[in-house]
Amino acid sequence: MKPLSEICLATAREYGITPKNLLAPGRRRLPVEARYMAMYLARGMRNDGYTLLGENFGLTEQGVAQGLSRFGRRMRNREVLRRRARRILEDLGVSPEECAVHPFGDLMEGEK
């Protein structure tokens, strides 16, 4: 299981931001998208709960749940996000098949 810090670092690299910017509060589009990508991947790879993710990313449990629900819909509808997620997983040395939780079915689309 990859540490959350490694997931955040790989996500920040993919988005071209610093890990500090990824974790900083704010609503600018790029850091927010990167933050939710890191949470989405952590939930899929580590099965982290909403409470734990909220504590690490400075959000409420409800904020994490709502944000990940929206982000999951975006992942299903936007190939560019799925490509980003695949690159992050590749950077971490993890294949989508190794991920235990539901979100990663979305990453397999378009690979056939």
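In cubic angstrom, how much convex hull volume per residue do the alpha carbon atoms of the range 4-108 span? Kindly include the intermediate steps, with their values, before the conclusion.
On the way: hull volume 9.0 nm³, N = 105.
Convex hull volume per residue, Cα atoms: 86 Å³.
The simple spin-label model puts a point 7 Å past each Cα toward its Cβ; for ASN77 and LYS20 those points are separated by 3.5 nm.
Here the range 18-62 and the range 78-98 have alpha carbon centers that stand 17 Å from each other.
Students often check this: by mean Cβ neighbours within 10 Å, which of 46-55, 2-11 ranks highest, and how do the rest follow?
On the way: 46-55: 16.9, 2-11: 18.5.
Final packing ranking: 2-11, 46-55.
Among VAL32, VAL94, VAL80, VAL64, sorting on how many other beta-carbon atoms sit within 10 Å of each Cβ, with the fewest leading, yields VAL80, VAL32, VAL94, VAL64.
Quick one: ARG35, ARG76, ARG84, ARG43, fewest Cβ neighbours within 10 Å first, how do they rank?
ARG76, ARG84, ARG43, ARG35
A simple spin-label model places the labels of LEU52 and VAL32 2.7 nm from each other, with each point 7 Å out along Cα-to-Cβ. For the residue pair ARG87 and GLN66, what label-to-label distance in nm results when each label sits 7 Å from Cα along the Cα-to-beta-carbon direction? A separation of 3.0 nm, rounded to one decimal place.
Here, each number is a calculation from the coordinates, and none is a lab measurement. Everything quoted here is computed from the prediction, not taken from an experiment. With ideal geometry, Cβ positions are generated from the backbone for all residues, glycine too; neighbour counts draw on all protein chains shown.
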